[in-house]
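Step one of this worksheet: look at the structure below.
The values are calculated or read from the model by the stated rules, or taken from the named source; none is laboratory data. The structure presented is a predicted model; accordingly, all values stated were derived computationally and were not measured. Methodologically, a virtual Cβ is constructed for each residue, glycine included, from the backbone with ideal geometry; neighbour enumeration extends over all protein chains shown. For the accessible areas, the whole protein counts, side chains as well, though only heavy atoms, and no ligand, DNA or RNA atoms are used. Shrake-Rupley method; radii C 1.70, N 1.55, O 1.52, S 1.80 Å.
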Amino acid sequence: MKLIGSSTSPYVRRSRLLLADTPFEFVDLNIYAEGRDALRKANPALKIPLLQDGEQTIYDSRIISRYISSKLGLPALSWDEENQITLVESVNDSLILLFQAGNRSGLDIRQDVLVFNLQHERIASTLSELERQVVAGKFASWNYPAICLLCMLDWALFREVADLSPYPALLGFVEQAYQRADVQATSPR
């Protein structure tokens with residue numbers, strides 16, 4: 001298997017962590033510079049990660065996780081776990097949009113504009129729910145939803161795109177996850 005992406009992407013890191021005990025090739029691209037052409041050739045959706053396994057190519061991290069789980073015989077996700085991932089992805093997508101708008105495009109993401117306001121609202125609402133779920137022990141097992149949560153939170157800290165200080169359980173979750181060697185080895189820093 002070959003995983004193509006960026007070492008700083010939270011979506012790519014999920015797949016790397018899911019494959020932590022499986023041999024695979026990782027191709028690290030800078031998708032905003034020289035790696036853009038390689039991405040264009042590999043994935044018409046221009047998204048990372050991309051998984052190639054023999055003749056099979058998969059273009060999306062959530063589908064990649066299903067493929068890897070099936071291939072490795074991992075248990076299927078429950079509906080509650082699927083919902084956890086949806087919550088994580090909603091925050092992740094909003095954070096990335098704000099990062100690209102502010103840090104990459106130079107826009108003022110604090111201005112009173114609908115698209116930015118919606119992202120800020122989604123982030124606050126969803127982080128509060130994720131905080132509640134962590135406190136309730138819903139992410140106590142190291143499984144794919146926990147991997148997704150860690151990757152999103154750590155990326156937010158790495159890129160300094162969200163103030164996580166109001167969420168002590170989420171910060172504690174990241175601190176605890178960093179005791180794992182695979183988490184340390186895939187750090188975006």
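General observations
- Put simply, of ARG16, ARG36, ARG66 the only residue that is within 27 Å of TYR167 (Cα to Cα), in a helix (DSSP H, G or I), open to solvent by 20 Å² or more (accessible area, probe 1.4 Å) and not assigned by the TED database to the domain that holds ILE147 is ARG16.
- Hey, ALA45 in contact with a Phe, Trp or Tyr (Cβ under 6 Å, 6 or more places away or on another chain) and open to solvent by 30 Å² or more (accessible area, probe 1.4 Å) or not: yes
- Of residues in segment 49-108 being within 22 Å of LEU130 (Cβ to Cβ) and among the aromatic types (Phe, Trp, Tyr), the one farthest from the chain's Cα centre (by Cα): TRP79
- Helices (runs of 4 or more DSSP H) wholly inside segment 129-189 containing at least 3 residues that are closer than 24 Å to GLN119 by Cα and in contact with a helix residue (DSSP H, G or I) (Cβ under 8 Å, 6 or more places away or on another chain): 144-159, 168-177
- Some residue of segment 135-151 being closer than 29 Å to ASP28 by Cα, polar (S, T, N, Q) and either open to solvent by 50 Å² or more (accessible area, probe 1.4 Å) or in contact with a Pro (Cβ under 9 Å, 6 or more places away or on another chain) (or both): yes
- All positions within segment 71-107 that are part of a loop (DSSP other than H, G, I, E, B) and either in contact with a strand residue (DSSP E or B) (Cβ under 6 Å, 6 or more places away or on another chain) or surrounded by 17 or more Cβ atoms within 10 Å (Cβ to Cβ) (or both): LEU77
- GLN111 open to solvent by 30 Å² or more (accessible area, probe 1.4 Å), within 25 Å of VAL12 (Cβ to Cβ) and either aliphatic (A, V, I, L, M) or in the same structural domain as GLU129 (by the TED database) (or both): no
- The lone exception for SER125 - which of (1) under 17 Å from SER90 (Cα atoms); (2) in contact (Cβ under 8 Å) with a residue 60 or more places away in the chain it fails: (2)
Residue by residue, here is whether (1) touching a Ser or Thr at 6+ places or on another chain (Cβ under 6 Å); (2) in the same structural domain as ASP60 (by the TED database); (3) modelled with pLDDT of 95 or more holds:
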| site | (1), (2), (3) |
| --- | --- |
| LEU87 | yes, no, yes |
| SER105 | no, no, no |
| GLU129 | no, no, yes |
| PHE158 | no, no, yes |
| LEU164 | no, no, yes |
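- Residue identified as in contact with a Lys or Arg (Cβ under 8 Å, 6 or more places away or on another chain), under 22 Å from ALA181 (Cα atoms) and in contact (Cβ under 8 Å) with a residue 60 or more places away in the chain among SER65, SER69: SER65
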